[in-house]
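The values are calculated or read from the model by the stated rules, or taken from the named source; none is laboratory data. These figures come from a predicted structure and were not determined experimentally. Cβ placement follows ideal geometry from the backbone for every residue including glycine, while neighbour counts extend to all protein chains displayed. Areas reflect the complete protein model, heavy atoms only, side chains present, ligands, DNA and RNA absent. Shrake-Rupley method; radii C 1.70, N 1.55, O 1.52, S 1.80 Å.
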Amino acid sequence: MTKQANQTKRETVNVLLEENRLFVPSDEFKRNALIRDESIYEEAAQNREAFWAKWASELDWFQKWDKVLDWQLPFAKWFVGGKLNASYNCLDRHIKKGLGNKTAILWEGEPGDSRKLTYEDVYRSVNKLANVLKGLGVAKGDRVAIYLPMIPEAVFAMLACARIGAVHTVVFGGFSADSLKERVRDAQAKLIITADGGYRRGKVLPLKETADQAAAECPTIKHILVVRRTGQNIPMQSGRDLWYHEFVDKAQDYCEPEPMDAEDMLYILYTSGTTGKPKGIVHTTGGYMTGVYATTRWVFDIKPEDIFWCTADIGWVTGHSYIVYGPMANAATQIMYEGSPDYPERDRFWKIIEKYKVTIFYTAPTAIRTFMRWGTQWPDGCDLSSLRLLGSVGEPINPEAWVWYHKHIGKDRCPVVDTWWQTETGCILISPLPGVTALKPGSATKPLPGVEAVVVTEEGKTIKEGGGYLAIKSPWPSMLRGIYGDDERYKKTYWSRFKDAYFTGDGAKIDADGYLWLLGRVDDIMLVAGHNISTMEVESALVDNPSVAESAVVGITDEIKGQAIAAFVILKEGNKPGEKMDETLKGHVAKKIGAIARPQKIIFTAELPKTRSGKIMRRLLRDIAEGRALGDVTTLADAHVIEALKEKYQEEA
Ligand code: 6R9
């Protein structure tokens, strides 16, 4: 172990050994916090609907709702009859209050270029783009795919859709043409907004080229609107492809915001599912906006003078809720960064914090573990004294990483809020309130006010202490309204495991103090560097290669990424295993799904362990891949298979 790793280990052990070591909020933090009184929990529990309605009424509504909640399990309607517009709530209302000159976005491009945009600037760009979209025939309810790098136009695009009532579906810029195609086809989008390219780790991502490949097989696409970012040469198909700037420059400055029903769709965001086909998670307007508006205040304690930085990509739900809708509904000033944390050097994030005097920083455990590996010299070389609050999201944060983050980034001064939530939940559901909650490293602490998250047994019985499944017992405003076009799958995935509670798919423990400890997914979804990838998705990509007969994929523990992908592969006859095949298959998966899904390890085998009904026993493969003693093998059809595999794996490792 290096000296530094040793030191971190010792610090962690010290912290964890002090029995019940709690990190209580400092008096100063408590005194200044927006929420400093734990009575908020009690108030919410007394009357959940009235509590949420109070927070909803802090938004601007064109028409007030008649009824707070209509709950026909598993279908919820919140703020029934109410009318509002998300872009109005993120822009117009702030400008009407005189905040037009307030900085909205401090954008930093990877090559070092930067842009500073006020609320007025964003407002103008969004209105113009909204008019462009209308002019291109996009109407209320139509779907628009957004495939952009982390540039301000991504925010404009989302808010412009919201302004005219079009439904956006943002596809992460790192996804392949196949992944983009699948999402565009499922959503039946009319238009794609993309860029010529984007910068990532000094290289150019060929976004337009990828969008072209996808669009070739998407008959619903009428236009591709292209933002000029890199200036590289790209083919433009006449009639279909249009330059963003040419249209936006000429567009009118004002576009009336569409009064949307509280339950009108705001967006679809695709997330991986166990059957391989991604699920289009549907969010609507009123409840979603209430959830993200309120939780941004409670959890991030955002005040007018704060500089907030959420490092997520806009292609994930974290970017939707805590870059676009939550912070902007709160008139926050925030950082948006295009590129990677190690470009040009491993201190880019810390340099940005120093340059812009960031006060609140929200990132993922996989990033924190990478920073730990890189060493403290990088943050130590920058002035991080502006920071006052740190956040974590995406996967369980191990206590070592928590303590490192608290000490080396927060300098033992900033509370760390570990926030648990999902694409499906829309907003944070489990998290400390930084001015109220005593923190335990590694625990996301307690459900937020108004949220009934519990740990249940296999039979669905709520337990006060011990391990089980994380479930949510009553509806919350920003909950998903379904899976796009597939009500049956919605019911089956989330509402069939337990009789009357939402099944999160995560395991969790609750301790004697009522603190929650999240344990990761209980199903076959892997969490690689904070991104959900289903085993099935990777398996189907592998089998898609003509040399592969069969495959089984498992997630194995990885210090940095949380999980890494190991694939067991049976080749078709006449194909040779070896380094060349290994590379071919890894490349194939990366091309089919995206680089994030590239397997770390491929194990060639002649057979796979299966149950009698033909189901692959992934649990056993995981045991093998992680070098553990084999668990129960009684349901195995042929016990020899597993022994042979184990030997082979050990030989190769
Ligand atoms: C926001 C987001 C959701 C899954 C979720 C869980 C894991 C997220 C976590 C966490 C432990 C946390 N997860 N935050 N696990 N502690 N603070 O990440 O959404 O991409 O849909 O992933 O991520 O397993 O079920 P999404």
**Q.** Estimated 222 nm signal from helices in the chain, with DSSP H stretches of n ≥ 4 weighted -39500 (n - 2.57), rounded to 500
**A.** -9000 deg cm²/dmol
**Q.** Stretchable slack from Lys97 to Leu136, in nm (0.36 nm times residue separation minus alpha-carbon distance)
**A.** 10.8 nm
(Q) So, R0 is 35 Å and r is the distance between the beta-carbons of Ser238 and Thr584; what FRET efficiency does that work out to, to 0.05? (A) 0.40
Q. Residue-wise, which Karplus ³J(HN,Hα) couplings in Hz belong to region 198-214, taking 6.51 cos²θ - 1.76 cosθ + 1.60, θ = phi - 60°, and x for glycine or proline?
A. x, 9, 8, 6, x, 9, 9, 7, x, 5, 5, 4, 5, 4, 4, 4, 5
Q: Subtract the Cα-Cα distance of Ala50 and Ser385 from 0.36 nm times their separation in residues, and report this length gain in nm to one decimal.
A: 116.6 nm
Q.
Given bins 10 angstrom wide, list per bin the percent of all Cα-Cα distances in region 341-416, short to long.
A. 20, 60, 20
(Q) Among Ala567, Trp243, Gly520, whose Cα projects farthest towards the positive end of the dipole of the chain, with charges put on the beta-carbon of Lys, Arg (+1) and Asp, Glu (-1)? (A) Trp243
Q.
For Cα pairs less than 8 Å apart in space and 6+ apart in sequence, what is the mean separation divided by the residue count of region 425-492, i.e. the relative contact order in percent?
A. 27
(Q) With +1 on the Cβ of every Lys and Arg and -1 on the Cβ of every Asp and Glu, and nothing else charged, how large is the dipole of the chain about its Cα centre, in debye rounded to the nearest 20? (A) 620
Q) So between Lys572 and Glu647, what do we pick up on full extension, going 0.36 nm a residue minus the alpha carbon distance? A) 24.8 nm
(Q) For region 529-652, compute Rg over Rh where Rg is the Cα radius of gyration and Rh is the Kirkwood radius from the inverse mean 1/r over Cα pairs. (A) 0.94
Q) With all pairs of different alpha carbon atoms counted, what Kirkwood hydrodynamic radius in Å does the chain show? A) 25.7
(Q) Quick check: at a probe of 1.4 Å, how many percent of the accessible area of region 295-374 sits on carbon and sulfur atoms? (A) 52
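Tally the DSSP beta bridges in region 529-652 and give the antiparallel ones as a percent, rounded to 5. Numbers along the way, then the final one.
On the way: 12 of 16 bridges.
Antiparallel bridges make up about 75 percent of those DSSP assigns within region 529-652.
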Q | Alpha carbon Rg of region 275-422, scaled by the compact-globule rule 2.2 N^0.38 Å | A | 1.05
Q. Averaged per residue, what accessible area in Å² does region 529-652 show with a 1.4 Å probe, protein chains only?
A. 49
Q. Expressed as a rounded percentage, what relative contact order does the chain have, with Cα pairs under 8 Å and six or more residues apart?
A. 13
**Q.** Förster radius 60 Å - calculated FRET efficiency between Glu120 and Ile463 (Cβ-Cβ, nearest 0.05)
**A.** 0.70
Q.
Give me, ordered by chain and number, the residues 5 or more places off Gly165 or on other chains with an amide H under 5 Å from its own placed amide H.
A. Glu258
Q. What base-10 log of the normalised intensity I(q)/I(0) is obtained for region 44-141 from the Debye formula, alpha carbons as equal point scatterers, at q = 0.15, 0.20, 0.21 Å⁻¹?
A. -0.85, -1.05, -1.08
**Q.** Long-range HN-HN contacts of Thr230 with modeled amide H, under 5 Å
**A.** Asp196, Gly197
Q: Tally the DSSP beta bridges in the chain and give the antiparallel ones as a percent, rounded to 5.
A: 60
Q: State in Å² the accessible area per residue of region 216-302; use a 1.4 Å probe, count heavy atoms of protein chains only, and round to the nearest integer.
A: 38
(Q) Amide H of Asn575 versus every other amide H placed in the peptide plane: which residues, excluding those fewer than 5 positions away on the same chain, fall under 5 Å? (A) none
Q. Under a 1.4 angstrom probe, counting protein chains only, how are Ser26, Ser87 ranked by accessible area, largest first?
A. Ser26, Ser87
**Q.** For region 149-292, Kirkwood radius (reciprocal of mean inverse C-alpha pair distance, Å)
**A.** 16.3
Q. For region 529-652, what relative contact order do you get, as a whole percent, if you take Cα pairs closer than 8 Å and at least 6 residues apart?
A. 21
**Q.** Distance between region 48-113 and region 558-578 - C-alpha centres, whole angstrom
**A.** 46
